[in-house]
Amino acid sequence: MVKRFAELSTPLVADACVRVGVAVRAAPAGVRAVVPGGRVAGRVLPVRHYGSVDVFLEAYGAAEPGDVVVIDNGGRLDEACVGDLAVLVFSYGSLPAGPLRLDGREPEALASARFGPHLVGVEDVVFADSDGVLFVPGARLDEVLEAAAGIARTERAQADRIRSGDTLRRQTAFDEYLERREADPEYSFRRHLRRIGGAIEE
């Protein structure tokens, strides 16, 4: 999975999700790599934080090679929940104040994690790069990555043609699209791109 993601990006994976009918589940826009250029791909190892690091240490005991710890801190913006002694990958930000609370632990503490409106668990896979963090159902992983690789090939070919002087407008037969839309107002640009094999928009 890491090797397959090496030639892709989270935007490509998101476009692939749309193409194959998988809901796009992205982490909040503020989640970024702590180390510039950081990239992650692996099975979700969910952890819900309640004020103490013990839940992280417990999760590590169940971790397998390739697992990625995904931490749910309840969307709190008033505390840092984990430091660089425990993890050093992606974060919503930094804050000098650690947790000043100790809440009751839910039974789902190591079974699922919430990210914005999304609930993720061990059946999911996480991808992260400089564009953000994305979750994909493990059961649809091969289909999504295959579609993402196809979109990547198309976009690389389009970029090569642009460098050779073939404009994107010409590549997408945009004048033809405008004519067809004039005749059929329901004819969308996305439909047009699919018809001609373009991949700049899903």
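The values are calculated or read from the model by the stated rules, or taken from the named source; none is laboratory data. Bear in mind that the values here come from a model prediction, so they are computed numbers and not experimental data. Please note: Cβ atoms are built from the backbone with ideal geometry, for glycine as well, and neighbour counts cover all protein chains shown.
List of remarks:
- The listed residue being more than 30 Å from Arg195 (Cβ to Cβ), free of Cβ contacts under 8 Å to residues at least 24 places away in the same chain and either touching a Cys at 6+ places or on another chain (Cβ under 8 Å) or not β-branched (Val, Ile, Thr) (or both), out of Leu95, Leu88: Leu95
- Exactly one residue out of Leu77, Leu12, Leu8 is under 15 Å from the mean Cα position of the chain (by Cα) and assigned to a loop (DSSP other than H, G, I, E, B), and it is Leu8.
- Residue check: Ala139 meets all listed conditions (1) over 14 Å from the mean Cα position of the chain (by Cα); (2) hydrophobic (A, V, I, L, M, F, W, C); (3) modelled with pLDDT under 95; (4) within 28 Å of Pro11 (Cα to Cα) but one, namely (3).
- Restricting the search to helices (runs of 4 or more DSSP H) fully inside the stretch 93-202 and requiring at least 2 residues that are of a type in the set (A, V, I, L, M) and touching a Ser or Thr at 6+ places or on another chain (Cβ under 8 Å) gives 189-196.
- Residue count, the stretch 12-35 (criterion: farther than 18 Å from Phe115 by Cβ and either touching a residue at least 60 places away in the same chain (Cβ under 8 Å) or buried (at least 16 other Cβ atoms within 10 Å of the Cβ) (or both)): 6
- The stretch 96-106: number of residues that are loosely packed, with under 10 Cβ neighbours inside 10 Å and either within 22 Å of Val68 (Cβ to Cβ) or among the hydroxyl-bearing types (Ser, Thr, Tyr) (or both): 0
- From Gly37, Gly66, residue being over 26 Å from Leu102 (Cβ atoms) and touching a Gly at 6+ places or on another chain (Cβ under 7 Å): Gly66
- Here Glu108 meets the list (1) touching a residue at least 40 places away in the same chain (Cβ under 8 Å); (2) within 27 Å of Ala6 (Cα to Cα); (3) out of contact with any Cys (no Cβ under 8 Å at 6 or more places or on another chain) almost entirely, failing just condition (2).
- Unmet criterion (only one of (1) exposed (fewer than 15 other Cβ atoms within 10 Å of the Cβ); (2) aliphatic (A, V, I, L, M); (3) touching a Phe, Trp or Tyr at 6+ places or on another chain (Cβ under 9 Å)) for Val125: (1)
- Residues located in the stretch 62-96, provided they are among the basic types (Lys, Arg) and in contact with a helix residue (DSSP H, G or I) (Cβ under 9 Å, 6 or more places away or on another chain): none
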